[in-house]
1. Given the structure, is A:Ala107 assigned to a helix (DSSP H, G or I) and either within 16 Å of ligand 2 (Cβ to nearest atom) or open to solvent by 30 Å² or more (accessible area, probe 1.4 Å) (or both)?
2. Which condition number in (1) within 30 Å of B:Ala203 (Cα to Cα); (2) at pLDDT below 90 is the one that A:Trp256 fails?
3. If you check A:Ser110 against the conditions, is it away from chain B (no Cβ under 14 Å), among the hydroxyl-bearing types (Ser, Thr, Tyr) and within 19 Å of A:Asp287 (Cβ to Cβ)?
4. Can you tell me which residue is farthest from ligand 1 (Cβ to nearest atom) among those in segment A:335-357 that are surrounded by fewer than 22 Cβ atoms within 10 Å (Cβ to Cβ) and of a type in the set (A, V, I, L, M, F, W, C)?
5. For A:Ser187, state whether it is more than 16 Å from ligand 1 (Cβ to nearest atom), more than 21 Å from the chain's Cα centre (by Cα) and modelled with pLDDT under 95.
6. Give me the pairs, please: first residue somewhere in segment B:53-65 and more than 18 Å from B:Ser27 (Cα to Cα) and modelled with pLDDT under 95, second residue anywhere and surrounded by fewer than 16 Cβ atoms within 10 Å (Cβ to Cβ) and of a type outside the set (Gly, Ala, Ser), beta-carbon distance under 6 Å, and either six or more positions apart or on two chains.
7. Which one is nearest to the other protein chains (Cβ to nearest Cβ) among residues in segment B:40-87 that are charged (D, E, K, R) and surrounded by fewer than 16 Cβ atoms within 10 Å (Cβ to Cβ)?
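The values are calculated or read from the model by the stated rules, or taken from the named source; none is laboratory data. This is a predicted model, so every value here is computed, not measured. Note that we place each Cβ from the backbone using ideal geometry, even for glycine, and neighbour counts take in every protein chain shown. Each accessible area value is taken on the protein alone, full model and side chains, heavy atoms only, with ligands, DNA and RNA left out. Shrake-Rupley method; radii C 1.70, N 1.55, O 1.52, S 1.80 Å.
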Amino acid sequence: MQVQGWGGYPAIEAQVHWPAQRSACAALVQAGSLIPRGLGRSYGDSASAPRVMQTDYLDHFIGFDPATGVLVVEAGVSLREILELVVPAGWCLAVSPGTSYVTVGGAIASDVHGKNHQVAGTFGQHVHWLTLLLGNGDVVTASNTEHADLFHATCGGMGLTGVVLTASLQLQRIQSSYLQRTTYKASCLDEAFALFEAHEQASYSVAWIDCLAQGKNMGRSLVKLAEPSVTGGLDFSLRQPLTVPMHLPEFCLNRWSIKAFNSVYFNAARANRTEPVPLRSYLYELDSIGHWNRIYGKAGFVQYQCVIPQADGLDNMRRLLAKISASGAGSFLAVLKQFGAENQNTLSFPMPGYTLALDFKWTPKVAPLCRALDQMISSIGGRVYLTKDALLDAASFRLMYPHWEKFEEVRAQYGAIGKFASAQSARLGLQ
Amino acid sequence: MKKILIIGATSAIAEHCARLWAKRGASLFLVARNSGQLETIATDLAVRGASKVDCMVMDANDHNAHEAMFEAAHLALDGLDSVLIAHGTLSDQAQCELSVAETLSELHTNGLSVVALLTLLANRFGAQGGGSIGVISSVAGDRGRASNYVYGSAKALVTAFTSGMRQRLSKANVMITTIKPGFVDTPMTAAFDKGLLWAKPDAAAARIVVAMDKRKAVVYVPAFWWWIMTIIKAIPEAIFYRRQL
Ligand SMILES: Cc1cc2nc3c(=O)[nH]c(=O)nc-3n(C[C@H](O)[C@H](O)[C@H](O)COP(=O)(O)OP(=O)(O)OC[C@H]3O[C@@H](n4cnc5c(N)ncnc54)[C@H](O)[C@@H]3O)c2cc1C
Ligand SMILES: NC(=O)c1ccc[n+]([C@@H]2O[C@H](COP(=O)([O-])OP(=O)(O)OC[C@H]3O[C@@H](n4cnc5c(N)ncnc54)[C@H](OP(=O)(O)O)[C@@H]3O)[C@@H](O)[C@H]2O)c1
């Protein structure tokens, strides 16, 4: 069958396995090279390979201590299911990406970050330990203190060190399932950056930025900050979202319809107001529409997410936005966010600086555009996020992820080479 | 809180029913062949909120073990309100056509073992004067088709048997719900290409649990299968047998 990432590009032919239980995984790994796959929310080809192992049936809770907030789960459990269980008990995930439709295994393998990166770091920093199925069929426990090199290569390792089978997570206490959200309108990039700097200590922060705005409007954005609330109760009932039923025809998305959408989005927002909003609508704004990726049509899209270092961040971001807006390829809203400190994970994405994420509807012109952006990003010491990537080449990867050799050493040491590979890892020149 | 026995508790559909019951705080007794997987599921259900979870390893084809299993469940939960019978195997039709033994064994697992369990259970629930029984049959039991008539006829046995037993027990306040899933995406059907007609096991389970709550007699899962099967059943045999449907 065909497998593809959330962006729909590229699609490749694969043999897909669904082990019904943890104990069935070792035999599949021993039978030949594969890549593990969770909910397929990575955008490009990180979870695609000629042989794929789905973790759908590894979806069991193993333990939850409501006194300490320690949760032990199988890797196929989704963040959504975790929240349904733990929020009513007064706990929340310490780090959560922009969608709840991801598995714990996927969140570890991409070492995902959330809107609270500046204070909370990445998902992997809240993992007490994990168990990993190695290429030879053995299962080892890895943590900060046990097989630490393997642990740091696995958090952010894109499934290339082995299959995460189980993990112990530290949850974060909450008193309410609401956040107090404050929205600011920034009319240009300088203002957006000034807001981020002024609110560095905010618990949550993110900006939606209009990449099509040019000239003096360049960088106009809505900066959304949030603080935990103490009122509102602990309710986390997830409604089934409305779903885009099928791929929309190509003509629906064009420069003008996107411009119109962005203008409405900006003008409709009420600025300088603080209001209570449910956790789920601040953290997972896009989850209210199922399969929104289908609006890009059958050809799909690629998402480009990069981080640029703090030094000269404003100037470099301006250059980056100018390039994107000149290409005319930019899409709906892009996401802009300030990152906090870097961690020890070998291929982890975040570094102190600014990250920008946006979609390009797939056309052959997108590949050279991304290549040009890659060159600019690597020349200023930034990097591209592997879990979004579909196009990065091996040379740029090595510049952006200087610890790649260490990563390969750890993989060799734990027998991952020739056992775990994806279409992406082949493109990036990993063994 | 409800006291529920699940036979074939490692089935994906049954497991999702159990998750919904666990969330309500039910006490559960799980029966299946695979002890490792039973343990995983029992732990999970306890985390999800079940008041109590006990397990027992049993092969549904081992008729001699049935009575002791019912007794153990009754003892462990201090009574029984509901039972879900979910075990089954998707028969390899081509294999069955070549082998009498294979055919009979499939009929045994999917048909006779269910009949045996229900025979004992009907008397228990009849005597206690109440209870709810869900039995997973299949749309395949509504009409035999070339592609899977061995499996289909075992399920037809289950459908007819539960229909009669439902009538018999109606005065004893015992409801038997005959559950007829269409295509559900589970390990049983992992090898199939999935199209629009396929349901996820959590959605299937939600419908089954509600049907048992409401003491429905027959439930198609999802509901649109009632329409499909009504049409398929209405096709005259003289036409049906020449088509590959
Ligand atoms: C709308 C949307 C918003 C998003 N927002 C953010 C965000 O704010 N921050 C962020 O960091 N990310 C974000 N993402 C990306 C997403 O969090 C990651 O791609 C995540 O890894 C997806 O998890 P998954 O279960 O779908 O994994 P998949 O996409 O199936 O796999 C992703 C990677 O994880 C590996 N993997 C999966 N399971 C295992 C396992 N059990 N063991 C080992 N490796 C495994 C795969 O091999 C692959 O390399 C977003 C994605 C979407 C669609
Ligand atoms: N999936 C569908 O599309 C579909 C459609 C219509 C009807 N159904 C019916 O739905 C029910 C549940 O199936 P499912 O889809 O959830 O598939 P499943 O996950 O494969 O479950 C089938 C279960 O039956 C168990 N089983 C098989 N033979 C057994 C025996 N002799 N004794 C005890 N347990 C036995 C299996 O246990 P082991 O792990 O020990 O083998 C397995 O857990 C079955 O009755 C099936 O016929 C399914």
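1. Here the answer is no, as A:Ala107 does not meet what is asked.
2. The number of the failed condition is (1).
3. For A:Ser110, the condition - away from chain B (no Cβ under 14 Å), among the hydroxyl-bearing types (Ser, Thr, Tyr) and within 19 Å of A:Asp287 (Cβ to Cβ) - is met.
4. A:Ala341
5. Yes, satisfied.
6. If the second residue must be surrounded by fewer than 16 Cβ atoms within 10 Å (Cβ to Cβ) and of a type outside the set (Gly, Ala, Ser), no pairs are left.
7. B:Asp59
Here is a yes/no grid of residues against (1) at pLDDT below 95; (2) part of a helix (DSSP H, G or I); (3) within 16 Å of ligand 2 (Cβ to nearest atom):
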| position | (1), (2), (3) |
| --- | --- |
| A:Phe360 | yes, no, no |
| A:Phe397 | no, yes, no |
| A:Glu405 | no, yes, no |
| A:Ala412 | no, yes, no |
| A:Gly415 | no, no, no |
